[in-house]
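Any read-out appearing in this document is the output of simple, stated calculations on the displayed coordinates, not a laboratory observation. Note that this is a predicted model, so its numbers are computed, not measured. Note that we place each Cβ from the backbone using ideal geometry, even for glycine, and neighbour counts take in every protein chain shown.
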Amino acid sequence: MRTTLALLILLFASDSIAQVTLDQTYHDFGEIYKGDKRVAEFNLMNNSDKKLYILRADKDMELDIRFSTKTVEPGAYATIRIQVNPGSKGRFNKRTSLWISSSQEPFPLELVGDVKELETSFQPCPTFRNPNSVQAIQFSMVATVIDANTELPVGGATIQMLRNGVPLEAPLIADEGGKASLEIPLGLYYVITSAGGYETDEADIYLNRSRREVKIKLKPLEKRDDPIPEPVKTIELSALESTTITAEPEAVTTPARTTMPEGFSPENYSANNIVFLIDVSGSMRQLGRLDLLKASMLELVKILRDIDKVSILTYTATSKMVMESMNATESNKKLMVSIITGLEAKGSTQGGQALQSAFAVVKRHYVKNGSNQVVMATDGLFRDKYSDMLKLVEANTSSDRNISVVGIKNASRSAAQMLEIATAGSGHYINIQTYDDAQQNLVHGIKAACVKN
């Protein structure tokens, strides 16, 4: 009897935790200098049908913890804001436990970083009464744009900067000396630089106190002389009749944009059940890949309707549910944006087990007469056996359930594999190599999957 009771309690606790999710349980501040932002935010989502309460977070002398609310209604979320006040230099690993009313087990939260400079005094953690107070200390960044061949300044160049996939309010314009400056927080940025007569340059740049100045080299466009037309040759009719022309088939990527109805109305587009499966391995941190993915997902969130459902899983060596399926209402969109911009990359990539989890989620939230699809976003560097992944995709694809693959700055070899996976999954291969791609291709791929015939 006691054993049975213990098992029932364990099952109840496990089910309760499954209905409450956090967008992250780990935050890495990296190197911390005097004046840097030391605040992390964790969003707790109540996916159950009952109200829950945040009871407490375990105390630590170097952690200042605030809650947006301690009462979380069904389908709503609360934000836990934690400020770290380290008392010594060097690496730190702070842990606290978050206790909620619906579970006998706490959520563990972990914060790590490396303190290079100490603060002379600490201000309290910003409250939720004044959300604008959560601001990182700004510093002046200077960018210099030059010609890659002559190293002469390129005046009038446009510099667009993204942080976590979100563009800064207005692009910078370089002066006659090719210089532009801006007060910004420390951190990693994706920088797009363009000028007339030059190739557009896109790169990820980490800016901190030891790297305030950035030199951007633009390559001039190749000048091509118009070819001298050759005299038109007369071709005999008999030659035309005997000649067979074979066209090489083109690789299918993002669907052609000319065939889509305007807007995103329910009359033209079915309801969506989208399960994003996002690669957050270490390679996604390189070349601005994660920033481009975030930018593309944020563009999609803008057009989603109340009838559309979205789930988000991330994966490295294992998969993790960071956002249970929710309808894209205006209030839920705010949480989606917060979760998307907060994604971080680390670890190695193994997609097989994660794909199984994603297929289970898309089946669980199936929408009748709608578009049910897994959207796998990656740079394509899998450690799994490729043939096994193809079999998994084929086994889980049906007439009303498919998988599309988003390739982020991937190599040609992995692009071919992604296309094969998308084809086997009756979906689309969506190619994102540039910021322009990020602004358009994912949106169009999703619309192509749910357009009504």
Rel. contact order, % - alpha carbon contacts under 8 angstrom, at least six apart, the stretch 257-450: 26 percent
Relative contact order [Cα under 8 Å, 6+ residues apart], the stretch 353-453, whole percent: 25 percent
Amide H within-cut-off set for G156, under 5 Å, with H built and near neighbours excluded: A174, D175, G178
Rh by Kirkwood over Cα pairs, then Stokes-Einstein D for the stretch 138-218 at 0.692 mPa s and 37 °C, µm²/s: 261 µm²/s
J(HN,Hα) series, the stretch 290-296, from Karplus relation 6.51 cos²θ - 1.76 cosθ + 1.60, nearest Hz, glycine and proline x: 5, 4, 5, 5, 4, 4, 5
Rounded if a/c under 1.5, otherwise prolate or oblate - the stretch 375-453, Cα gyration tensor axes: oblate
Reduced Cα scattering model of the stretch 18-131, Debye log10 I(q)/I(0), q = 0.11, 0.22 Å⁻¹: -0.37, -1.21
Model label zone, E262; criterion: amide N under 19 Å from point 7 Å along Cα-to-beta-carbon; scope the stretch 421-453: 444, 447-448, 451-452
Table column - 3J(HN,Hα) (Hz), the stretch 45-58, Karplus curve with 6.51, -1.76, 1.60, x for Gly and Pro: 9, 8, 8, 8, 9, 10, 5, 10, 10, 7, 7, 5, 10, 4
Those trypsin sites (Lys or Arg not before Pro) in the stretch 357-419 that DSSP places in a loop and that have at most 14 other beta carbons within 10 Å: K368, R383, K385
Relative contact order %, the stretch 138-218, counting alpha carbon pairs below 8 Å whose residues are six or more apart: 38 percent
Straight-distance crosslink candidates among lysines, where the alpha carbon sits under 21 Å from K309 and sequence neighbours closer than 8 are dropped: K50, K294, K320, K333, K334, K363, K368, K447, K452
Value in Å of the Kirkwood radius, where the stretch 257-450 supplies the Cα pairs that are averaged: 16.4 Å
Using a Förster distance of 45 Å, the FRET efficiency for A76-E199 (Cβ separation, nearest 0.05): 0.45
The stretch 401-406 - phi-based ³J(HN,Hα) in whole Hz, Karplus 6.51/-1.76/1.60, Gly and Pro as x: 8, 9, 9, 10, 10, 9
Label zone at K223 (point 7 Å along Cα-to-Cβ), backbone N below 19 Å, the stretch 141-173: 147-155
Theoretical FRET efficiency, 1/(1+(r/R0)^6), r = Cβ-Cβ of Q433 and L55, R0 45 Å, to 0.05: 0.40
